[in-house]
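The values are calculated or read from the model by the stated rules, or taken from the named source; none is laboratory data. The model shown is predicted, which means the values in this text are computed figures rather than measured ones. Methodologically, a virtual Cβ is constructed for each residue, glycine included, from the backbone with ideal geometry; neighbour enumeration extends over all protein chains shown. Heads up: the accessible areas ignore ligands, DNA and RNA and are worked out on the full protein's heavy atoms, side chains in. Shrake-Rupley method; radii C 1.70, N 1.55, O 1.52, S 1.80 Å.
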Amino acid sequence: MNHAADFFEIDFLSVEAKDSGDAIALRYQINGATSIHVVDGGFQDTGDHVVEHIRKYYGTSAVVDRVVGTHPDGDHLAGLPTVLEN
């Protein structure tokens, strides 16, 4: 069985704070099946930016398959509820 990705794309989205990391959107395809993951969602206001990015670049009907929060700081998790709701 071949599990090599047909393609993969990793987008680092700034959470617009100098001392914070990024929200990360990943899209990949294996054997014709596309998956989307979001790692961290930034601050509460950043969640909308992540959703807009996914809709613009991955398609308006794109569905996030998995969400990962690396740790419980506000600059990592606060935007994820917006991603999950949309």
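Just want to confirm a number: the relative contact order over the chain, from Cα pairs under 8 angstrom separated by 6+ residues, in percent.
This gives 28 percent for the chain.
Pick out, in residue order, every one of the trypsin sites (Lys or Arg not before Pro) in region 1-65 that is DSSP loop and has at most 11 other C-beta atoms within 10 Å; say none if there are none.
18
Would you work out which of 86, 72, 20 lies farthest towards the positive end of the dipole of the chain, given +1 charges on the beta-carbon of Lys and Arg and -1 on that of Asp and Glu, about the Cα centre?
Of the options given, the answer is 86.
Would you please name the chymotrypsin sites (Phe, Trp or Tyr not before Pro) within the chain that are DSSP coil residues with at most 15 other C-beta atoms within 10 Å of their C-beta?
Filter output for the chain: empty list.
Work through the residues other than residue 64 whose Cβ is under 15 Å from its Cβ and net out their charges, Lys, Arg +1 and Asp, Glu -1.
Around residue 64, the surrounding residues sum to -3.
Given the DSSP H assignment, sum -39500 (n - 2.57) over each helix run of at least 4 residues in the chain and divide by its residue total; what's the result at 222 nm in deg cm²/dmol, nearest 500?
Dividing the helical sum by the residues of the chain leaves -7000 deg cm²/dmol.
Within region 11-31, which residues have the backbone N less than 17 Å from the label spot 7 Å out from residue 73 along Cα→beta-carbon, could you tell me?
Inside the label zone: 13-24.
Taking the alpha-carbon centroid of each part, what is the distance from region 15-46 to region 61-86 in angstrom?
8 Å
Would you kindly find the accessible area of residue 39, with a 1.4 Å probe and non-protein molecules such as ligands, DNA and RNA excluded, rounding to the nearest 10 Å²?
Roll a 1.4 Å probe over it and residue 39 shows about 30 Å².
Given [x] 12.6, 39; [y] 16.6, 56; [z] 13.1, 44, which label gives Rg and Dmax of the Cα atoms in Å as computed from the coordinates?
[z]
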